[in-house]
Amino acid sequence: MEDVLAHNSQLVSLMAAHLIASLAAAEVGHLKCAIMWLMIQSALLAAIFATVGYATGTPHLYLWAAVCVLTKVALIPLLLWHYSNELPPRETRPIVGLQWSIIVVAIALVGFYRFLHGYLGFVAPGAGAAAEPALTGWAIAFTVIALGLYVLAVRRDAIKLVIGIILMENGVHLTLLSLAPTVPETTIVGVTTNVIVLAWLLLYLTAGIYRLMGTTDVTTLSRLRR
Amino acid sequence: MNELVTTIASPLPVLVFVVPIAFGAIILLAGPTCRWCRELLAFVGALATGAIAVQVAQEAMAGHVLTGWGRLLYVDGLSALMVLLGCLMVIVVIPYSLRYIPQHLPEEQRTPRKLNLYYGLLLMFLGALSLTCAANHMILLYLSVEATTLATALLLIFYWRRETLEAAYKYLILVGVGITFALLGFILLYVAGLQVLPGSEALLLTSLGQIADKLPVNLALLAAAFFVVGFGTKAGLMPFHAWLPDAHAEAPTPISALLSGVVIKVGAYALTRTITVLAPHYHAIVVFVAILASVGMLLAIFMAWAQDDLKRLLAYHSVSQMGYVVEGLALGTYLGIYGGLFHLLNHTLFKALLFMSVGAIMYTTGGMRAISRLGGLGKKMPITATCFFIGALAMGGVPLLNGFMSKLTLFIAVAEQRLLWAAVIGIITSLLTLACMAHAAYRVFWGECDDDSLANVKEAPAALLIPMILLAALCVLLGLYPQAAYPLLDTAARSVMHALGGATH
C-alpha cells in the first residue's frame, strides 16, 4: 500500500487526465477528433493499469494494460475510424451543448467524490478499496460511467452513442481496477473482447442505417414508434 | 427445503453448450450445400443438444447437480429447464423457417451463404443460451448473456431493412447499457465477496451464496439494484422494456417467437441466479421487484390495447406476462417460484404459438399484420385461427389451458404472502389480457374486411402449421394435465429454493 501511496500523485494526475480526455471524446464535434480523444482516454487507462501494476508489483496488471492497448487503444478506434470514413465528418448537432456537459461532469465528480470520502461506511468495501488512490479512482470511474450515460441521453449522432457505450465500459474497467485489482486477467480479456464485438456490431448497423436513410441522427429512428 | 444434493463432476455441462456451438460453426463455415443439408444439420444439432438437456434434467431430478471445468460450470434443475425450453424453441423454429424465411427474403439475397448464416446463428444462440444456464462464474454469465444478445441481434437484422436495423440498433444500445450495469453489479458483488473468500472463489455464484450473510448489506443491495436494471432490461421488464416492442415486431417471425419465447427469459434466469445469491437481503429486494413487476404488467396491457400491429400487440403482452414470471420468482416461496417457472414455461409455449400464427397470416397475405386491414380469415385459415385462439385464450388465463394453471398457482402464492394488492392487479391484468386478445382475434378472423387482396387467401403450408399444432397441443396438454410438467418444474423450483436455503444457512 505504501508503494501505491508513493505513486499517488502520478495516479491521481493520470486519472484526472483520463476524465478530461473522456469529456473531450464526448464533446468534440469532429468525429475523427473525438475518436482520437477516445484513443487518448484509453491509452491513459492503460497507463493507470501499468502504474498500479508497477507500484504494487503485480505483474498481471501489465497484462491488463497490454490487453487495454490492443483492444481499446488500437482495435476499437480503428473500427470507429474505418466506419466513420463512410459517414459525415461532423456529428449531428447534440440536444445540449458543452456548458451542460461540464456542469454534469462537475456535479457527478463532486457528488461521487464527497459521497465516497464521506459515507464510505455506507458501502463498506474492503480495506484496499477504501484507501487512496482507489477511492479517487472509484469516484472518477463512476463519473466516467455517468458521462457515458449522459452522452447516450443527449447526443443524437449514432457514432457518439457508440463512444458513450465505450466510455461507460472504460469507467467500469477503472472501477474494476480501483476495487478489485486482483481479478484474474482472463476476466479482463473476456470483458474487453465482448466490448469489441458490441462496438463492431453497433458500427456495422450505423453504417447500414446511413446507407439506407442517409443520416446518423438517432432521433430520426422514429418510424417504429408510430 | 434446504435438501441435500449430490454434486457430481460431469462432461454434460460442457457438452450442452459445445455441441450446438460446434454444429453452428460447421453450418457457418460450410459453403453451398445440398438442398436441406444445412436445415437438417441445424435440426440434428438442436436435437442432440435437446438429448443432452434431457440427460441433464434426469440427473437433476435424481437430486444431482453437475459441475464442469472445476466449478466454473454448475447445472441444476433450473438450468435443465431453461436449456430444454431453448432446445424446444429452436426445434420448432427450424421447420417453421424452412418456408417462411426464404419467402420474405429478396431474390438476390436468397444465397446459400445467407441461409447458412441464419441457421448457424440459431445454433450459436442455443450454445450461448446453454452456456448462460451452465455458468457459475460471474464473468462467464455476463459474457454468455451478452453473447445471446449479439447472436439474436444478427438474426434480427437478417432481412436488412430500415425497420430491422432501427430495432436492432435500439436493442443493442439499450441491452448493452443494461448489461454494463449488470457487470458493475458483478464487480461490487465480487468486492463484497473478497472480504470473506479468496480471489477466484469470490467470482463463483455458489461460493458467494454460502457466505451471503457475511456480505456488507449496502454493497450487496447496490449490486442487486444493478442486477435488476441490467437483467431487467434483458428480460423486458417495465420500465426497461423500450427495446422490446420494436425488436419483437420487426424481427423475422421465427426470431420474434424465439425472442419472446426464450431470449427475454435469459434475463429472468440471470436475475434469479444473481438475486438468490443475496438471500439474506432478499426481502428488501423482493418488495422493489414485486412492485416493478405488478405495475409493469398492468401498464403494458394498456399499451397493448393501443396497438394496431399484431406483432407489436404481442410484444407488449410479453412485457406484461414477464411481470407474472418475475413476480412469482421474486416471492421467494416454493409456490411462488413454482408458479413463476410454470408461467415462464407456459409463456414460452403460447407466445411462440401466437407469433407463429401471426407469421402464418403474414405468409399468406404477403406480410399484412395490421389488425385494421385484416378480417374474415377464420374460414380461409381454420387451423391458424384455432391455433391463434388457443394461444390467446391460454394467455388470457382461460381454464383448461396452460396459462390458467400457472396464473392460478401464482395468485395463490401471492395471496399466501398476504399481498392482496398484487393478486388483484394480477387478476385485473389477466382479464384485460383476455379481452384484448379476444378483440384482436375476433377482428382478424371474423371481422369485416373490404380488402380484395384477402379474397384468395388460403391456409398456411404444412411446414408452418406443424410446429404451431405441436405448440397448441402442448398448451392444451399442460392445461388438462399440468402434472406432466411437475417433475421438471418441481426440480427447478427446488434448485432455486436450495440456492436461497444455502445462502441463509
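Among the residues of segment A:146-160, write down those that are assigned to a helix (DSSP H, G or I) and open to solvent by less than 10 Å² (accessible area, probe 1.4 Å).
Within segment A:146-160, A:147, A:148, A:151, A:158, A:159, A:160 qualify.
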Q: Working only within segment A:155-214, note down all residues that are more than 29 Å from residue A:132 (Cα to Cα), more than 9 Å from chain B (Cβ to nearest Cβ) and in contact with a Gly (Cβ under 7 Å, 6 or more places away or on another chain).
A: A:155
Q: Would you check if residue B:188 is buried (at least 23 other Cβ atoms within 10 Å of the Cβ), out of contact with any His (no Cβ under 8 Å at 6 or more places or on another chain) and more than 7 Å from chain A (Cβ to nearest Cβ)?
A: yes
Q: Give just the number: which of (1) more than 10 Å from chain A (Cβ to nearest Cβ); (2) of a type outside the set (Gly, Ala, Ser); (3) within 22 Å of the chain's Cα centre (by Cα); (4) in a helix (DSSP H, G or I) does residue B:164 not satisfy?
A: (1)
Q.
Looking at segment B:77-85, can you tell me whether even one residue there is hydroxyl-bearing (Ser, Thr, Tyr) and at pLDDT below 90?
A. no
Q) What is the one condition in (1) free of Cβ contacts under 8 Å to residues at least 60 places away in the same chain; (2) under 26 Å from residue B:158 (Cβ atoms) that residue B:245 does not satisfy? A) (1)
Q: Can you tell me which residue among B:246, B:213 is outside any loop (DSSP other than H, G, I, E, B) and over 26 Å from residue B:148 (Cα atoms)?
A: B:213
Q. Within segment B:311-323, is there a residue that is in a helix (DSSP H, G or I) and in contact with a strand residue (DSSP E or B) (Cβ under 8 Å, 6 or more places away or on another chain)?
A. no
Q | residue B:54, sole failed condition from (1) open to solvent by less than 10 Å² (accessible area, probe 1.4 Å); (2) in a helix (DSSP H, G or I); (3) without any contact (Cβ under 8 Å) to a residue 60 or more places away in the chain | A | (1)
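So if I check each of B:29, B:73, B:81, which one is more than 23 Å from residue B:466 (Cα to Cα) and touching a Pro at 6+ places or on another chain (Cβ under 7 Å)?
Exactly one of B:29, B:73, B:81 is more than 23 Å from residue B:466 (Cα to Cα) and touching a Pro at 6+ places or on another chain (Cβ under 7 Å), namely B:73.
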Q. Would you call residue B:123 more than 9 Å from chain A (Cβ to nearest Cβ) and open to solvent by less than 20 Å² (accessible area, probe 1.4 Å)?
A. yes
(Q) Condition first: open to solvent by 20 Å² or more (accessible area, probe 1.4 Å) and within 19 Å of residue B:334 (Cα to Cα). Can you find one or more residues in segment B:432-449 that meet it? (A) no
Q: Please enumerate the residues belonging to segment B:412-427 that are open to solvent by less than 40 Å² (accessible area, probe 1.4 Å) and out of contact with any Phe, Trp or Tyr (no Cβ under 7 Å at 6 or more places or on another chain).
A: B:413, B:414, B:422, B:425
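Can you tell me which residue in segment B:212-232 is modelled with the lowest pLDDT, limited to those that are open to solvent by less than 10 Å² (accessible area, probe 1.4 Å) and of a type in the set (Gly, Ala, Ser)?
B:212
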Q | Every residue from segment B:171-185 that is at the interface with chain A (Cβ under 7 Å from one of its Cβ atoms) and either of a type in the set (A, V, I, L, M, F, W, C) or within 20 Å of the chain's Cα centre (by Cα) (or both) | A | B:172, B:173, B:176, B:177, B:183, B:184
Q: Among the numbered conditions (1) more than 8 Å from chain A (Cβ to nearest Cβ); (2) more than 21 Å from residue B:300 (Cβ to Cβ); (3) in contact with a His (Cβ under 8 Å, 6 or more places away or on another chain); (4) open to solvent by less than 10 Å² (accessible area, probe 1.4 Å), tell me where residue B:260 comes up short.
A: (2)
(Q) I'm trying to understand the selection: among the residues of segment B:359-406, which are open to solvent by less than 30 Å² (accessible area, probe 1.4 Å), among the aliphatic types (A, V, I, L, M), assigned to a helix (DSSP H, G or I) and farther than 15 Å from residue B:438 by Cβ? (A) B:360, B:361, B:362
Q) Which ones in segment B:191-211 are within 12 Å of another protein chain (Cβ to nearest Cβ), open to solvent by 40 Å² or more (accessible area, probe 1.4 Å) and farther than 12 Å from residue B:138 by Cα? A) B:194, B:195, B:196, B:198
Q. Of the conditions (1) open to solvent by less than 10 Å² (accessible area, probe 1.4 Å); (2) within 28 Å of residue B:365 (Cβ to Cβ); (3) part of a helix (DSSP H, G or I), residue B:24 fails just one. Which one is it?
A. (2)
Q: Please determine, by comparing only the residues of segment B:216-238 that are part of a loop (DSSP other than H, G, I, E, B) and under 18 Å from the mean Cα position of the chain (by Cα), which one is farthest from the other protein chains (Cβ to nearest Cβ).
A: B:237
Q.
Here is a check on your reading of the model: is residue A:87 outside any helix (DSSP H, G or I) and either of a type in the set (A, V, I, L, M) or open to solvent by less than 10 Å² (accessible area, probe 1.4 Å) (or both)?
A. yes
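Residue-by-condition table, conditions (1) of a type in the set (A, V, I, L, M); (2) touching a Phe, Trp or Tyr at 6+ places or on another chain (Cβ under 9 Å); (3) within 18 Å of residue B:131 (Cα to Cα):
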{"site": "B:48", "(1), (2), (3)": "yes, yes, yes"}
{"site": "B:51", "(1), (2), (3)": "yes, no, yes"}
{"site": "B:65", "(1), (2), (3)": "yes, yes, yes"}
{"site": "B:75", "(1), (2), (3)": "yes, no, yes"}
{"site": "B:90", "(1), (2), (3)": "yes, yes, yes"}
{"site": "B:102", "(1), (2), (3)": "no, no, no"}
{"site": "B:106", "(1), (2), (3)": "no, yes, no"}
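The values are calculated or read from the model by the stated rules, or taken from the named source; none is laboratory data. Computed from a predicted model, the values in this text were never measured in an experiment. Neighbour counts run over all protein chains shown; Cβ positions are idealised from the backbone, glycine included. The accessibility values were calculated without ligands, DNA or RNA, using every heavy atom of the protein model including side chains. Shrake-Rupley method; radii C 1.70, N 1.55, O 1.52, S 1.80 Å.
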